[in-house]
Amino acid sequence: MNVALFQTLFWDGRSPSLDHQALQPILNPVEMGMPDGETAMKAIRDDAEYQEAFKKAYVREMNYEDLGRAIGAFERTLVFLDSPFRRFLNGDSDAISDEALAGFELYDGKARCVTCHPMNPSNPLGSDHRFHNVGVSARHQDFEELAKQATKILAEDSSEQKLDELAVGTDLSELGRFMITLNRVDIGSFRTPLILNIGITQPYMHDGSLATLWDVMDHYNKGGEANPFLDGGIEPLALSEEEIDQVVAFLFTLTDVRFAEENQQQFELQRAAAKKNRPIRDEAMAERSILPFEQRVTSSKSTDQ
Amino acid sequence: MATHPSVETKYMEERRELFHGIRNLERRSFLKVSAAALGASAGLAYPHSFTPVSVAQGAEDTGSDQAFRFAYVSDSHLYEKDVNDRFVRGLLRAVDDVNNLDPQPDFVFYGGDLAQLGQEKELELGAQILKNLKAPLRIMVGEHDWYLDMGQKWQELFGDPTYSFDHKGVHFVVLNSVVEADFWTERNMTPMERMMTVAGLDNSLQSPFTVGQTQRKWLQDDLEKLSDDARLIILSHSPLYKLYKPWNFWTDDAEEVQAILNRFKNVVVIHGHTHQLLTNRIGNIHFHGVLSTAWPWPYAPEGMPELTIEMSRPDPFNPNDGCGDGEVHVHPDGLVDKIYNLWNRNPVSVTAAYTASGGSDSVPPKPNRPSY
Amino acid sequence: MNWTLIRGSARRAIVCAMLLFWAAFLAGCKHPSETAELDAADPQSDAGKETVATADTVDVKSCDGENTVQVAKGLTGQAMADALMDQWQRNHPEANWVTEEKEKHVFLPPADNSALLQGDQGKGHVYGNFTERDLITWAREAEKFVAEGSRIFHSGDELGSQIAVSCDMCHPHAANTHPETYPKYQVQLGRVVLLRDMINWCVENPVRAEPLDPNGPKMRALEAYIMAQRKGTVMEYGKH
């Protein structure tokens, strides 16, 4: 039995300690600005205010582990990210464009993003740290079959053989968190990712299946990909093209200013790509003239007969 | 240009590696891994969270007079699609769910309130969608289907609302339990006003639900030929007992109906209308509610049956939360396991062992967000 | 009362009714439904038609300043007021909307303040000297406000729902709205909110309508109804 595998497993689904988990997001900015934890620490040590706070809390000079603990304690207050949107929140009203601001209002309202990707001072990372099936896996051809087998396994006492069948020769990862919990509700569900720096971390989703943020918006706008385990919170949104542009503009304000140039480049690349091709876009679904499940249900009979 | 994989992407990469690792393990180790994962999450999840939707125990089909299972879908409250897409989507999702059951249930029972305002187009749409069910359909009427044209269109589509049938040794009776005394003539209401009054759960102008004398007589006759230990399942829209009158979670002649069922060893009543997990037992009669595909209802502020383990208050962000469909597994003794297939939640089983023991065995998981 | 909610003519009519009602009220504090039918006093014409006075009647201009009704000579003020009220109500069936709303969607009555009538300190004073009339005024006005909220709560049209959904479909008698728990963090909104913010979230999402003006009459009435329904519940901000 591979111990390392075991550990990864625990880290994966339920990190043994929150503190440990809290160190992970910090790697995100670390990757970009700080080659390692030590550099990260240095950046913090230069900040008198943080230093004070750390001393108070831990009665010693800070170290990387303390940093992790502190972040766990503060619900991962992000110390490194300096994005236009954050500047805007801090009172610089010119930090983001009107278009992006309109996008934020949509993000907070009609587009319904904020519930899963919350953005507030206590939790500024844009993730609810929960697992949802937003229908990405369902776009893979074998997902339905895998899901069926998975439910079947749950239904049967002598599941060894079935587990075997499932374990061999299939792309299990599409079942998402289910493979860790064996919990029916977790089929096809993945953890809500942080969306900081999202502008420059393409391609998107766990399988990298979406090339641009316009594709991401098209995915949400049509109400995801219908499947029996789809999170019901994913509804068709009926966003107009203009509104989609606005949300995308907002998402591009979440990138650290140190990557402003890359961000701008990526924005233009993606926009150009989106102008050419929007493979996920489905207006009839977005406008609710065709409903999620409608095609599945009405075609199921005919394929059966 | 350089790409900067996000932490989550990295996380996913590691996950992928893990899965690759799993695939290459031999079976025993794999099971160990899964078991460990299971054990580790047991503290977080409900003890029953692994209850599958297709529980096989006691439900093998071994010929007539034996165990079997049927599915249910209920309370879809359809408007026309361009009036309200959400409720249509709910019913579609339920049909998709039930069609995915493997093996297929013996039949699908529809628990009433297919339409929201009893309009022809609503009922036709419902009938159209239900045609896509792979398993045969049995259907019951609800007050939302009835009070616009007093059941005309519904009966045209689905036939008599009161009927009985036998399936694998179980006698099923379907009642129209939403008969209301005339409150509309005196108030000079139009059919739509009457419908709107009945459609408001907290509208107190309407009369309480009844089964009524005619149907009680019919029921008496229908059951006459059955022996006292016959397996008997009654399907009604309203709960056949008195729970909370202000919302018509109520049947006004419940005692009279119960009296007819008294002589049987075991009776199971499955009812719609209440859109929630609901369990009750009065003597030999075991009552189970069903879920709605449209929206969940709060629990009544008083009069809750002791046996009921409430479902958690739903999160309205997910309009499907607290909604769903489910299954009924019929045991050889006629009692049932009632499976609530809550969408995006773990299914909850209210077993025969639970109701038969009066709530001491096989207790379903308790809600973490109880009503208050 | 939310004047802006009530369209022109109805609004005028209600002002009228209130004036008439006030007359009856001053005369004997009698509820209009208790007034006797006075055939002799029944005005012979509908408001709105011009009429000619005869020897036994006098013309009375109604309070809109335009219409005239005829009333028998020698009537007492009380009988006249009753009759006018009666007739007006027959012409304006919707004027009973508070009673009707209460009958349809039962809600809890406002608190009983009769204890305020006891004690001696207030006697003869300008301030703090409460009468039955004060209590009735308060109760009626409070109830009317709540009834208005109930009407909106129960109407997809009033809420502007694009999918014909009203609050009562999921919150019968305002169950599960928990106004006593605000302010609190709401996951749906990703921040700490007040009751009205959550109401507006439900307006936009389950009900699918344009959000209401947070200080507008509809929001105020909805809040009134929701809070009234939790009468007696302990305040507990932050409870989930």
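Values as computed for the structure displayed
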| read-out | value |
| --- | --- |
| Region A:204-305: C-alpha gyration tensor shape, a/c 1.5 cut-off, then a/b vs b/c | prolate |
| FRET efficiency, 1/(1 + (r/R0)^6) with R0 56 Å, evaluated for C:Lys73 and B:Arg369 via beta carbons | 0.20 |
| Net charge dipole size for region B:55-356 [Lys, Arg +1 and Asp, Glu -1 on Cβ; Debye, nearest 20] | 300 debye |
| Shielding score for A:231-242, defined as the mean number of other chain Cβ atoms within 10 Å | 4 |
| Neighbour-count order for B:Ser76, C:Ser166, A:Ser209, fewest beta carbons within 10 angstrom listed first | A:Ser209, C:Ser166, B:Ser76 |
| Distance cut-off 37 Å, percentage of C-alpha pairs in region B:55-356 lying past it | 8 percent |
| Gyration tensor verdict on region B:216-372 (Cα atoms; rounded if a/c is under 1.5, prolate if a/b is larger than b/c, oblate otherwise) | prolate |
| Peptides ranked, highest mean first, by Cβ atoms within 10 Å: ranges A:277-290, B:201-214 | B:201-214, A:277-290 |
| Inter-chain shielding of C:201-208 (mean C-beta neighbours from other protein chains, 10 Å cut-off) | 3 |
| Over region C:100-228, relative contact order from alpha-carbon pairs under 8 Å, at least 6 apart, % | 27 percent |
| Ranked B:Lys121, B:Lys217, criterion: other C-beta atoms within 10 Å, fewest first | B:Lys217, B:Lys121 |
| Under 12 Å, Cβ to Cβ, from B:Lys245 - net charge with Lys/Arg +1 and Asp/Glu -1 | -2 |
| Highest-first arrangement of B:142-148, C:157-163, C:117-123, where packing means the average Cβ count within 10 Å | B:142-148, C:157-163, C:117-123 |
| Global geometry of region A:245-305, whether rounded, prolate or oblate, following the gyration tensor of its Cα atoms and the 1.5 cut on a/c | prolate |
| Spacing of the two label points (7 Å from each Cα toward its C-beta) at B:Asn188 and C:Val126, in nm | 5.0 nm |
| Formal net charge of residues neighbouring C:Ser166 (Cβ-Cβ distance under 12 Å; K, R +1; D, E -1) | -2 |
| Highest to lowest packing among B:359-367, C:125-133, B:177-185, C:181-189, scored as the average C-beta count within 10 Å | B:177-185, C:181-189, B:359-367, C:125-133 |
| Within 10 Å of each Cβ in A:182-189, the average number of Cβ atoms from other chains | 5 |
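Quick note: the coordinates plus some simple rules give every number you see, no bench work behind them. Just so we're clear, the structure is a prediction, and the values are computed from it rather than from any experiment. Cβ coordinates were reconstructed from backbone atoms using ideal geometry, including for glycine residues, and neighbour counts include every protein chain displayed.
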